[in-house]
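Below: the structure, in structure tokens.
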Amino acid sequence: MTRILSAPLAPLIMPRRRFLTGAAAFSLLGVTAARADLTITLSGGDFKPMPIAIADFAGDQQGAQVAGVITNNLIRSGIFAPLEKSKHPEKPSFDAAPNFGAWQAAGVQALVTGRVSREGGRIKAEFRLWDVGTGQQAVGQQYMTDPAAWRRVGHMISDAVYSKVTGEKGFFDTRIVFVSESGPKDKRIKRLAIMDQDGANYRVLSTGDSLALTPRFSPSSQEVAYMSFANGAEPRVYIVDLQGGKREAVGNFPGMSFSPRFSPDGNGIIMSLQQGSNANIYFMDLNSQQMRRLTNTAAIDTSPSFSPDGKRIVFESDRGGGQQIYLMDAGGGGQQRISFGDGRYGTPVWSPKGDYIAFTKQKSGSFAIGIMKPDGSGERILTEGFHNEGPTWAPNGRYLMYFSEQGAGPKMMMVDVSGRVKVPVPTPGFASDPAWSPLLSET
């Protein structure tokens, strides 16, 4: 992974004046109440995206490309409404104050300006987020990196803008690992693949000689756990190092191992092991290679997912006669059912914020992606269709990605926790089983 050096950018000296007054004013300058109000209304039906402008960055020829990445990211979030470039009242200088009156007349509340230049074979990218209402710089940052990482700089700037406005972590400087599918439906080749969250920098991680399924990111390293049917043997869980390419099996068990997921600290794997006609959930410490059995039933217990604090585990089981969602302590105690609606519930996954559990629900031939609180209350369906499955959380806990059957094969979609934002995720072909990485700057 390319290292990017960043540092705060000193604000320009600005005159003490305001350009908007009264109720229409919107301040980005650390007004906690304003950010709190915005966060509260993000899921509301009357929410209107924030008018913002992203000017082409000055300097290097990649300036317009970086600005384009930022614009596309902010549009896809559903929180911002970037002004069309043809309606920009000026091309602002990076080293001088914008014409705030002109931008106010254009109807925007915030403005992003920037510059990209070359220094000793590296690129230097700088940006400022301006509060049009106060005429002041809300945030500024500069980055130094290899020219090949220019898109990632655009993602990091997008995260900085998103965080300043919403008060939440961003989600743009991330990657998606998934199953890339090709070939006819009855002979589909399924390869492990990875790309940026916006579909760029796609590359294949496996040859397709063996079937790859259910990839999951480590929260603390550039590793992915997944299930593979390798060389005609029993399906097994593997871990692949994304930087070095090394792949190794997790344990050597009789029968099938499947549904892997890392513990919150990245030091363990929780998964299901087949035992005759049933399956139970086990935890393996990756350092000691010691196994601990967590469930012991004659049912199929699978799809385990830790809470962010590592104290509880959500999983699916048919122990009650139908596929439902259950909770237990990290040691296996206190097992209880939390889903009680009509239909079958599966693929539960805990939000990084700990406030929701996402799931797939099947009823009357329809598949839905929904969320509920950890105690099972507040169930809400976000999207429904012919075949929607496999939710995965963005690291800020506000967005979900999933795959949906569309035409001849599955494609990936993104939805927010309100169900208001629903956008396609571009992939070269058919795609399923997505898993969202943590922010790259945190791994």
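Quick notes on this structure:
- Qualifying residue in segment 90-102 (condition: out of contact with any Phe, Trp or Tyr (no Cβ under 8 Å at 6 or more places or on another chain), in a helix (DSSP H, G or I) and at pLDDT 95 or above): yes
- Some residue of segment 300-315 being at negative phi, free of Cβ contacts under 8 Å to residues at least 60 places away in the same chain, out of contact with any Leu (no Cβ under 7 Å at 6 or more places or on another chain) and surrounded by fewer than 14 Cβ atoms within 10 Å (Cβ to Cβ): yes
- Look at segment 59-72: where a residue is assigned to a helix (DSSP H, G or I) and a partner is of a type in the set (S, T, N, Q), sitting 6+ places away or on another chain with Cβ atoms under 6 Å, you get I70/S158.
- Residue under evaluation I75, criteria (1) more than 20 Å from the chain's Cα centre (by Cα); (2) surrounded by fewer than 20 Cβ atoms within 10 Å (Cβ to Cβ), criterion not met: (1)
- Strands (runs of 3 or more DSSP E) enclosed by segment 161-269 - at least 2 residues per element that are surrounded by fewer than 16 Cβ atoms within 10 Å (Cβ to Cβ): 247-249
- Of the residues in segment 30-37, none is modelled with pLDDT of 50 or more, out of contact with any helix residue (DSSP H, G or I) (no Cβ under 8 Å at 6 or more places or on another chain) and over 29 Å from V425 (Cβ atoms).
- Set G232, G255, G268: member being modelled with pLDDT of 85 or more and assigned by TED's automatic domain parsing to the domain that holds E389: G268
- Those strands (runs of 3 or more DSSP E) lying entirely in segment 283-395 with at least 1 residues at pLDDT below 95 and in the same structural domain as P260 (by TED's automatic domain parsing): 291-293, 357-363, 366-372, 380-385, 388-393
- Of the candidates R128, R118, the single residue that is part of a strand (DSSP E or B), out of contact with any strand residue (DSSP E or B) (no Cβ under 7 Å at 6 or more places or on another chain) and assigned by TED's automatic domain parsing to the domain that holds L12 is R118.
- Taking segment 72-108 as the range and being closer than 30 Å to R398 by Cα and of a type in the set (D, E, K, R) as the test, the residues that pass are R76, E84, K85.
- Applying a threshold of 9 Å to beta carbon distances and a minimum spacing of six or more residues, or different chains, the list of pairs starting in segment 194-222 at a residue that is in the same structural domain as S77 (by TED's automatic domain parsing) and ending at one that is of a type in the set (A, V, I, L, M, F, W, C) and outside any strand (DSSP E or B) is empty.
The values are calculated or read from the model by the stated rules, or taken from the named source; none is laboratory data. The shown structure was predicted, so the numbers you read here are calculated from the model rather than taken from an experiment. Here Cβ is always computed from backbone atoms with ideal geometry, including for glycine, and neighbour counts include all displayed protein chains.
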